[in-house]
1. Extension gain Val31-Ala82, at 0.36 nm per residue separation less the Cα-Cα distance, in nm?
2. What does the charge count near Glu45 come to, summing +1 for each Lys or Arg and -1 for each Asp or Glu among other residues with Cβ under 14 Å from its Cβ?
3. Per q in 0.21 1/Å, what log10 I(q)/I(0) does a Debye calculation on the alpha-carbon atoms of region 28-82 return?
4. How much length, in nm to one decimal, is gained on full extension between Glu66 and Glu22, taken as 0.36 nm per residue of separation minus their Cα-Cα distance?
5. For the peptides 47-58, 63-74, 28-39, what is the packing order when you average, over each peptide's residues, the other Cβ atoms within 10 Å and list the highest mean first?
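None of the figures in this text is laboratory data; all of them are computed from the coordinates on show. The shown structure was predicted, so the numbers you read here are calculated from the model rather than taken from an experiment. Methodologically, a virtual Cβ is constructed for each residue, glycine included, from the backbone with ideal geometry; neighbour enumeration extends over all protein chains shown.
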Amino acid sequence: MMGATVAFPPKKHTVSYTFGLETRRKRRTAVLEIIDRLNAIQWNEEAYLYNTPENLQNTEAYADAEENVSHLQDAIIALMDAY
């Protein structure tokens, strides 16, 4: 078999799933920053709800704001559980 080439399978790369303390600290800091931002958004939505006159509380915008507050609370709780 002169001139024949043999193809070897490519090398498999191994991925390490262990992270250093610095990486973990950065991720935890990032999660806390996201939680802070979500809390600020939630506070703004709650302020909107609180300041909405009673005659406008049956509007679609008011219902959307209530739903947003609920979703933000769920997201914050989920992030805190993951933290």
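1. 17.5 nm
2. Around Glu45, the surrounding residues sum to -4.
3. Per q value, in the given order, log10 I(q)/I(0) is -0.74.
4. Additional length available on full extension: 12.0 nm.
5. Descending mean neighbour count gives 63-74, 28-39, 47-58.
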